[in-house]
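A.B. asks: Take a look at the following structure, please.
Coordinate-derived values only; no laboratory data. Please read these numbers as outputs of a predicted model, since none were measured by experiment. Glycine also receives a Cβ, built like all others from the backbone with ideal geometry; neighbour counts cover every protein chain displayed.
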Amino acid sequence: MSKLLPSGRGERLRSAKIIVVSLTALLLLLSLVFPPWVESAGVAGWNLAIPLGYHIFFDAPNEYNPGYYVHIDYARVGYQAFLIVVVGASAFLLTLLRVRPRRRTPVSEDLLTRLQKASSEVFISGYRRVAQERGCAPTSKTSDADIVQLYKQVGTAFRQASEQRDELLSAGSINTIVLKFLQIRERDGAESVEERLTYEVERYLKEGLRADYRQELRLI
């Protein structure tokens, strides 16, 4: 898998794998070299076991109680080894998941394109419907592409200005402002939009939103 990753990411993956495997092996070795010891004896039908702590495997601790049998607690050794292997394997898998790169597929890009196209169609059909109902722009003089471009230009400028004023402009207000600029574009020409937009944005920053811009216009 590391061959499929960029060099930096592949090196990090190899280093992480080495660290996890080395730590797991070291813990296993320590658990075997220094096992837990117990002293035990049968008492009234029960196997009584008293822990004596961890000691090196070839040197049994001294007896604490005469007659008790001192030995390694093999059940606990096996349990500890099992836990170490489980934790090590989990850490190894987590390392692979964290280093694995995210892949962008053509499907996700195609979906984004469709969403952008769908939103543009909403703007276009909405403003065309309003124009028919009110007898105003946009008319056939304004293309669909011009509507989308103007919406982005005006909407972006006013949203950025609203952030400077620490305000939130509703979508309905933005729709109304764009409609006003569609009238300006058809009446005064496309070249007049930039100058008027600069003026209106500066006015908004100084005085707040105009009353006629606060009207809510729904495009759906």
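A.B. asks: To make sure I understand the rule: partners must be lysines, Cα under 21 Å from the Cα of Lys117, and not fewer than 8 residues away in the same chain. Which ones qualify?
C.D. replies: By straight Cα distance, Lys117 reaches Lys152.
A.B. asks: Now a separate question. Report the charge-dipole magnitude of the stretch 115-220 in Debye, nearest 20, computed about the Cα centre from +1 at each Lys and Arg Cβ and -1 at each Asp and Glu Cβ.
C.D. replies: Result for the stretch 115-220 is approximately 300 debye, rounded to the nearest 20.
A.B. asks: According to a simple spin-label model (label point 7 Å from Cα along Cα-to-Cβ), what is the distance in nm between Ser15 and Leu96?
C.D. replies: 2.1 nm
A.B. asks: Near Gly189, within a Cβ-to-Cβ distance under 15 Å, what is the net charge of the other residues, with Lys and Arg +1 and Asp and Glu -1?
C.D. replies: So the environment of Gly189 carries a net charge of -2.
A.B. asks: Let me ask something else. With θ set to phi - 60°, apply the Karplus curve 6.51 cos²θ - 1.76 cosθ + 1.60 along the stretch 51-57 and write out the HN-Hα couplings as whole Hz, x wherever there is a Gly or Pro.
C.D. replies: For the stretch 51-57, the Karplus curve yields x, 10, x, 9, 9, 4, 5 Hz.
A.B. asks: On the first, second and third principal axes, largest extent first, how far apart are the outermost C-alpha atoms of the stretch 108-214 in Å?
C.D. replies: In descending order, the Cα extents are 40, 36, 25 Å.
A.B. asks: Would you work out which of Ile174, Gln164, Ser192 lies farthest towards the positive end of the dipole of the stretch 108-214? Charges go on Cβ: Lys and Arg +1, Asp and Glu -1.
C.D. replies: Checked the options; the winner is Ile174.
A.B. asks: Run down the aspartates and glutamates and flag those whose C-alpha is under 15 Å from the C-alpha of Lys141, throwing out any fewer than 8 positions away in its chain.
C.D. replies: Glu186, Asp188, Glu191
A.B. asks: Which residue, Thr142, Leu209, Ser125, has the largest displacement toward the positive end of the dipole of the stretch 108-214 when charges sit on each Cβ (Lys, Arg +1; Asp, Glu -1)?
C.D. replies: Ser125
A.B. asks: Peptides 162-171, 180-189: what's the order by average Cβ count within 10 Å, highest mean first?
C.D. replies: Result, highest mean first: 180-189, 162-171.
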